Each structure stands twice: as structure tokens, then as C-alpha cells.
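Each remark here refers to the structure printed beneath this line.
The values are calculated or read from the model by the stated rules, or taken from the named source; none is laboratory data. No experiment lies behind these values; they were computed from the predicted model shown. Glycine gets a Cβ as well: all are built from the backbone with ideal geometry, and neighbour counts include every protein chain shown. Remember, those area values only see protein heavy atoms, side chains included, never the ligands or the DNA or RNA. Shrake-Rupley method; radii C 1.70, N 1.55, O 1.52, S 1.80 Å.
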Amino acid sequence: MKTTTLIQALHIAERRGSGDPEVSGICFDSRAAAPGRLFVAIRGTLGDGHDFIPQAIAAGVSVVVCEIFPETPAPEVLILRVWNSRLALAELAAAWYGHPSRQLHLVGITGTNGKTTIATLLHRLHQDLGYRAGLLSTIRVLVGNQEHPATHTTPDPLQLNAYLRAMVDEGCSHCFMEVSSHALDQDRAGALAFAGAVFTNLTRDHLDYHPDVAAYLKAKKRLFDGLTPEAFALVNADDKNGIVMLQNCRARQ
């Protein structure tokens, strides 16, 4: 795929280099860098992908997307600076796989407890009603009748869009997925088109990652803030945080 086609959704702040390289794949781990690939430098909790841009360039990548330009010039590589490389990765992954979430009735379920149960029940219900549906949960991933091991509650953007693409190719019309607060905070689902969102509840959890409960709640709310007026929002009214999810939410409630 040509770079200009792949980066259409990106908000590019600055670029170095020219041309329109053909991209053979996308990676955000420098160990997966290879000739012709596009490398996205991500700031992680334990490391910073910007430190590995030289290794990715040495491995032959043709395009680098980053938040800070590398110190060493690399005129042979197209380098694009963006404001948020995590969101850029989500947008690139969606574009690479042909925006599969737009071709599905994708429903995201978030909350502290009950995500797996609700996602599984909704999946089974739709299957029993005759719909072909996919499932992305903490315990398993179902693409039609094919089961895949689950490694995270919400996979990284590349794996996530690969699964959604496979669901579309398998003839699925619906997908039910758990959306964790980590994934929302890290923009893993940043470029997905959700047809609806469900909120279960919120208790004190994951404070080893989020600085406080307010930040944890804010991360969950991002799922609802991104819904369109055509989508639906369903919350647990017995949880006082349910009404918070609906504040400034444009979806049908």
C-alpha cells in the first residue's frame, strides 16, 4: 500500500524526507522491523520506542511515524512527526486492514466487572438468533466458528484490526468486544467505529496503572465520548458512574 493512502487519517505535524514509499507492513516493535515496513515509535510504560528508531531504520523500514524526530538524520527514510503516535498506530492499523469495524455492528463493553459475561452472553444470543458474530474477550477470541487464544482483554491495534478483518471476511455481521481502561487510555481502540457501548460498573481497580479513581473513570468514559449520534449507549443505572458515562455523549441513550 502506498504511504499517501495509508496516512490519510493522520494529523501530521511535520515531515522529513519525500516520496511515496510502498509499505509492506506496519510494526511498533523494532524487532519486527524489516525492509519496506512502516515503524511507529510508541512511548510505553517500560520503554520508549523512539529510542529504537535507529535500529528500525537500520533494519530497512521505509517510513517512520514518531512524536520526536531522531537526532541522526536519515534522508533515505520518510519520517512523519505526529502529536500522538499511539492514536496514529490505531489509525494506521484500521486503514491497513480496510477499516473492518465500519463493516460490522461493533459493540464495546467496558466497566470493572462483568465485561466478559456480558460480551459472551450477547455473542451467544446473536448466534442463537441466526446472526454470524465475533467475540473479543479476556478469555477467548471467536472469529466465526474459529477460536483463537486471548492474550489481552483488548489486543493491540494491529492484532485487533486483523481479527475484525477476519470476522468480516468470515461473513460476521456483529462483534462484541471487551474494552479495557488500559486500551482506552492507550488509544488501542482509537480508530474503531462502535455501533454501541455498554457500561457495567466501576469499583476501585487498576490503580497500579491509573493514578487515581478519577483517571480510571475518565478512561472508561472515552468509549462513550467517541460514540456517534447513530450509535447507542447502555449503562447500569444502579451504578452512580453510569450517568457520568452519558454526560456529553451523543449516542442514543
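Worth a mention:
- Per residue, the accessible area of region 5-153 comes to 50 Å² when a 1.4 Å probe rolls over the protein heavy atoms.
- With at most 15 other Cβ atoms within 10 Å, longest stretch of the chain clear of loop GluC sites (Glu not before Pro) (DSSP): 77-169
- Using alpha-carbon coordinates, inclination of helix 115-128 to the longest axis of the chain, degrees: 80
- Extension gain, Asp128 to Trp83: 0.36 nm times the residue separation minus the Cα-Cα distance gives 11.8 nm.
- Of all accessible heavy-atom area on the chain, the percent that carbon and sulfur account for (1.4 Å): 52
- Seen against the Cα atoms of the chain and their longest principal axis, helix 213-225 is set at about 90 degrees.
- Charge tally in the Cβ shell below 12 Å around Ala90, where Lys, Arg are +1 and Asp, Glu are -1, Ala90 excluded: -1
- In sequence order, region 130-137 has phi-based couplings of x, 7, 8, 10, x, 9, 10, 10 Hz under the Karplus curve 6.51 cos²θ - 1.76 cosθ + 1.60, θ = phi - 60°, and Gly or Pro positions carry x.
- DSSP-defined antiparallel bridges as percent of all bridges, the chain, nearest 5: 30
- DSSP-defined antiparallel bridges as percent of all bridges, region 17-131, nearest 5: 10
- Across the chain, the relative contact order, built from alpha-carbon pairs under 8 Å that are at least six residues apart, equals 16 percent.
- Cα long-axis angle, helix 157-169 against the chain (0 to 90 degrees, to the nearest 10): 60
- Stretchable slack from Lys2 to Arg15, in nm (0.36 nm times residue separation minus alpha-carbon distance): 3.1 nm
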